[in-house]
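*Asks:* After the structure tokens below, expect a handful of questions from me.
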Amino acid sequence: MPFWWNLYGKKKKKLNVKKGKDQSGEVDSTANEEFENNLVQNVNKIIEITGNSSDIVIRKMMIAKKVKIAVIYTDGLVDGVSINDFLLEGIIQNNDDDLGHPISAAHALHSIQEKMIAIGEIKSIFKWDDLFLSLLSGETIILIDGAYEALSVSTVGGEKRQISEPGTETTIRGSREGFTETLRTNTSLIRRRIKNPNLWLESMKLGTVTQTDVAIMYINGIANDNIIKEVKTRLNRIDIDSILETGYIEQLIEDQTFTTFPTLNHTERPDVVAANLLEGRIAVFVDGTPFVLTAPALFVEFFQAADDYYSRFDITSGIRLLRALAFIISLIAPSVYIAATTFHQEMIPTLLVISIAAQRESVPFPAFVEAIVMEVIFEILREAGVRLPKAIGQTVSIVGALVIGQAAVQAGIVSPAMVIIVSITAIANFSIPSFAMAISARLIRFIFMVLAATFGLYGLILGLIVMTIHLCSLRSFGIPYMSPLAPLIPTNVGDSVIRMPKWVNRERPRLINQKNIVRSGNNQKPHPPSQNQPNNKKDEPE
């Protein structure tokens, strides 16, 4: 049935206005109102609602000698070449050839859509909210005098950042591509890596004011259906005026709010997202940011880097154990020093305790005050280094730490041993691949310092026990945060704190993926050449 049948094949009647409410609570008469059949009224309404904005371009034209049309688009959001070469030029060239005689508005609408425009995607719209959403998303609107329908032509373009290496997740080996701020570019980077029709993408718009494009991606048949359903449910529950970054969504869909540990992972590397999808996770893309959320997230995941899977398993296992040690040092190193020097001097070797006592002889503050002062100063320097321009940011943070540390020691405010402890703690914190996990350790460190200064090692051990219980109680979309360690899943431990060879890790994470668990067949272990196999041309049969 032709698309104009509903417009002109039935009895014409005035369209009812459906009223909604805007963000201020007042009635918005244009929320779901449909178009008039008068071009001048429709164009004037667009000018009025957009405040006669200078970037809204309106080109009025005449086709078939008497049918007036208006081509409307937002300058800066559209591809100028598509509009000039495939839209406007097509209408002008085909105007005299195919529409040389007077026609109706419905016929003109059909001719423009079927014969004049050489652009792939064209859709019909009937309501004002759909028109403004398309117009402000970079599409071109065509209004026709006498028609209750408009055409939305896909001409999305504008300036965009080129694909470049991620700035926050550098690797020694692996891809140098990173996500950009364009949603469709980001999804295409995943499509290039996973050429499978079961890689499904579902889109939605979130933010009542911003109408931000959000997409979820998963591999059908590998991802857990219950987790997919839960992700969609939580996203559909979001009722907020704006979504400007994935951090907005992360705070609205996470399982636990009052925790410093991240329960959703974010990355700007396509290879990391592709690997997570192949394990059964779901990826959430947001237009306007290069960071992509992946869910569910596990604790061990934040100590893994992309190039762990591109290197030999023994090297990777050693590096992962080193990261785990660095995490422990960044958590408890200042606390252990405070507890040992304040309450448990008998645990320190005699020569070392004499050396520390000699250093602290001229220091007027207890070890706890020393540690707090040095940690706060170092955190301020680190934050200043992040906010300053890159050319001087690292220099200021490094030189500032050296100068202030040396000056504090000479002034007798802190001891040299405390400067060493704080420096080791900071370097260990930098070894954690995930910034979200690293900053979590930085916050918890202060709590442990207070416990160590109050109760000694007993307080520190109590804090570690409480933190462990808290970690075991966390969930990420219903999946235990500490799996595969708690609960223990022996078949998945080979890709946690250590990494076993590829031919050993044959299964996907069991709690995340409950179907299609096996990722590879048997007999994947490398074997040396058989003794009966010819090694040179002399041994080959004639």
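*Asks:* Can you pull out the residues in the stretch 490-507 that are under 16 Å from I315 (Cβ atoms) and among the hydrophobic types (A, V, I, L, M, F, W, C)?
*Replies:* Those that are under 16 Å from I315 (Cβ atoms) and among the hydrophobic types (A, V, I, L, M, F, W, C): V497, I498, M500, V504.
*Asks:* Please indicate, with yes or no, whether at least one residue in the stretch 70-85 is loosely packed, with under 12 Cβ neighbours inside 10 Å and of a type in the set (D, E, K, R).
*Replies:* no
*Asks:* Would you confirm whether any residue within the stretch 239-247 is touching a His at 6+ places or on another chain (Cβ under 7 Å) and within 30 Å of M467 (Cα to Cα)?
*Replies:* Step one: of the stretch 239-247, the residues touching a His at 6+ places or on another chain (Cβ under 7 Å) are 246.
Okay, now just the ones that are also within 30 Å of M467 (Cα to Cα), so 246.
Yes: one or more hits.
*Asks:* Pairs under 6 Å by beta carbon, first residue on the phi > 0 side of the Ramachandran plot in the stretch 158-176, partner surrounded by 14 or more Cβ atoms within 10 Å (Cβ to Cβ) and aromatic (F, W, Y), six or more apart or different chains?
*Replies:* Listed pairs, sorted by first residue: G174/Y310.
*Asks:* Restricting the search to the stretch 488-502, which residues are polar (S, T, N, Q) and open to solvent by 40 Å² or more (accessible area, probe 1.4 Å)?
*Replies:* In the first step, residues of the stretch 488-502 are kept if they are polar (S, T, N, Q); the result is 491-492, 496.
Passing the criteria: only T491.
*Asks:* OK, next. Which of (1) touching a helix residue (DSSP H, G or I) at 6+ places or on another chain (Cβ under 7 Å); (2) loosely packed, with under 15 Cβ neighbours inside 10 Å does I219 not meet, given it meets every other one?
*Replies:* Here I219 meets the rest and fails (2).
*Asks:* I need every pair where a residue in the stretch 459-479 that is surrounded by 12 or more Cβ atoms within 10 Å (Cβ to Cβ) has its Cβ under 9 Å from the Cβ of a residue that is in a helix (DSSP H, G or I) and among the basic types (K, R), sequence separation at least 6 or different chains.
*Replies:* Qualifying pairs under 9 Å: F477/R234.
*Asks:* Sticking with this structure for a sec: Just one of the numbered conditions (1) within 30 Å of V409 (Cα to Cα); (2) surrounded by fewer than 18 Cβ atoms within 10 Å (Cβ to Cβ); (3) in contact (Cβ under 8 Å) with a residue 60 or more places away in the chain is not true of L321; which one?
*Replies:* (1)
*Asks:* Right, next: When only residues in the stretch 222-242 that are without any contact (Cβ under 8 Å) to a residue 40 or more places away in the chain, exposed (fewer than 13 other Cβ atoms within 10 Å of the Cβ) and polar (S, T, N, Q) count, which is nearest to T210 (Cα to Cα)?
*Replies:* Among those residues, the one meeting the criterion is N236.
*Asks:* Here's something else I'd like to know. Looking at M437, M482, can you tell me which residue is part of a helix (DSSP H, G or I) and on the phi < 0 side of the Ramachandran plot? Break it down stepwise before answering.
*Replies:* On the way: M482 fails: part of a helix (DSSP H, G or I).
The match here is M437.
*Asks:* Pick from G280, G288: which is in contact (Cβ under 8 Å) with a residue 12 or more places away in the chain, surrounded by fewer than 20 Cβ atoms within 10 Å (Cβ to Cβ) and on the phi > 0 side of the Ramachandran plot? Steps first, answer last, please.
*Replies:* Details: G280 fails: surrounded by fewer than 20 Cβ atoms within 10 Å (Cβ to Cβ).
From the options G280, G288, the qualifying one is G288.
*Asks:* In the stretch 407-455, which residues are β-branched (V, I, T) and within 22 Å of D307 (Cβ to Cβ)?
*Replies:* I427, I432
*Asks:* A further question follows. Say we look at the stretch 78-130 and pick out the residues that are outside any helix (DSSP H, G or I) and hydroxyl-bearing (S, T, Y); which of these is modelled with the highest pLDDT?
*Replies:* Step one: list which residues in the stretch 78-130 are outside any helix (DSSP H, G or I), which gives 78-79, 99-104, 117-127.
Right, trim to hydroxyl-bearing (S, T, Y) and you get 104, 124.
On the way: S104: 77, S124: 90.
Step by step, filter the stretch 78-130, then rank; the result is S124.
*Asks:* Taking the stretch 193-208 as the search range and keeping residues that are open to solvent by less than 60 Å² (accessible area, probe 1.4 Å) and outside any strand (DSSP E or B), which one is farthest from R176 (Cα to Cα)?
*Replies:* Residue satisfying both the conditions and the ranking: G207.
*Asks:* Moving on. Based on this model, can you work out whether L293 counts as modelled with pLDDT of 95 or more and closer than 19 Å to L443 by Cα? Let's see the steps before the verdict.
*Replies:* Working: modelled with pLDDT of 95 or more: yes; closer than 19 Å to L443 by Cα: no.
Taking the combined requirement at face value, the residue does not satisfy it.
*Asks:* Let me ask you something else. It is to be established whether one or more residues within the stretch 86-106 are open to solvent by 70 Å² or more (accessible area, probe 1.4 Å), free of Cβ contacts under 8 Å to residues at least 40 places away in the same chain, closer than 18 Å to V153 by Cα and touching a helix residue (DSSP H, G or I) at 6+ places or on another chain (Cβ under 7 Å).
*Replies:* no
*Asks:* Mind checking whether some residue in the stretch 37-58 is at pLDDT below 90, of a type outside the set (S, T, N, Q) and open to solvent by 20 Å² or more (accessible area, probe 1.4 Å)?
*Replies:* No; the residues of the stretch 37-58 include none that is at pLDDT below 90, of a type outside the set (S, T, N, Q) and open to solvent by 20 Å² or more (accessible area, probe 1.4 Å).
*Asks:* May I pose another question? Looking at the stretch 157-185, which of the residues that are modelled with pLDDT under 90 and over 26 Å from D307 (Cβ atoms) is surrounded by the fewest Cβ atoms within 10 Å (Cβ to Cβ)?
*Replies:* Selected residue: E159.
*Asks:* I need the full set of residues from the stretch 433-472 which are out of contact with any Gly (no Cβ under 9 Å at 6 or more places or on another chain) and among the small types (G, A, S), in order please.
*Replies:* S434, A436, A438, S440, A441, G456, G459, G463
*Asks:* With respect to E375, determine if the residue is in a helix (DSSP H, G or I), of a type outside the set (A, V, I, L, M) and over 19 Å from G405 (Cβ atoms).
*Replies:* For E375, the condition - in a helix (DSSP H, G or I), of a type outside the set (A, V, I, L, M) and over 19 Å from G405 (Cβ atoms) - is not met.
*Asks:* Follow-up. So which residues in the stretch 348-390 are touching a residue at least 40 places away in the same chain (Cβ under 8 Å), open to solvent by 70 Å² or more (accessible area, probe 1.4 Å) and not polar (S, T, N, Q)?
*Replies:* P364, F365, P366
*Asks:* Which residue out of Q394, Q410 is farther than 22 Å from I338 by Cα, open to solvent by 80 Å² or more (accessible area, probe 1.4 Å) and at pLDDT below 95?
*Replies:* Numbers: Q410 fails: farther than 22 Å from I338 by Cα.
So the residue among Q394, Q410 that is farther than 22 Å from I338 by Cα, open to solvent by 80 Å² or more (accessible area, probe 1.4 Å) and at pLDDT below 95 is Q394.
*Asks:* Sticking with this structure for a sec: Please work out which one of (1) open to solvent by 50 Å² or more (accessible area, probe 1.4 Å); (2) closer than 14 Å to V373 by Cα is the condition I421 fails and give its number.
*Replies:* In the conditions (1) open to solvent by 50 Å² or more (accessible area, probe 1.4 Å); (2) closer than 14 Å to V373 by Cα, I421 misses (1) alone.
The values are calculated or read from the model by the stated rules, or taken from the named source; none is laboratory data. Being a predicted model, the structure only gives us computed values, none of them experimental. We place every Cβ from the backbone using ideal geometry, glycine too, and count neighbours over all the protein chains shown. Accessible surface is based on the protein model in full, side chains and every heavy atom, while ligands, DNA and RNA are left aside. Shrake-Rupley method; radii C 1.70, N 1.55, O 1.52, S 1.80 Å.
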